[in-house]
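One structure below.
Every read-out reported here was derived from the displayed coordinates using simple, explicitly stated rules and does not represent laboratory data. Everything numeric here is computed off the predicted structure, so don't read it as measured data. All Cβ positions, glycine included, derive from the backbone under ideal geometry; neighbour counts span all protein chains shown.
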Amino acid sequence: MTGYVYAPLCLKKLKVTHLQILSVPNKKAKTIIVRSIGCNRFVYNYFLTKRKNLYANHIASTELLFLA
């Protein structure tokens, strides 16, 4: 939310740059959030491992080419 508001006491223009919201989820929403975070962590770690393995294999294969 971006815009200008007038302060009631001094009547100066103040620019609103952000809005902070506090969310208090119920028990069902907490369960959904925890499951979602767990799933995201699993997928991230899975593909991170695949990327590390590809990188390690690429380095190993290029080292063999330079040693020959």
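Summary of computed values
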{"item": "Added length on full extension, which subtracts the Cα-Cα distance from 0.36 nm per residue, Asn57 to Thr31", "result": "5.4 nm"}
{"item": "Estimated FRET transfer efficiency when R0 is 35 angstrom, pair His18-Tyr46 (beta carbons, to 0.05)", "result": "0.50"}
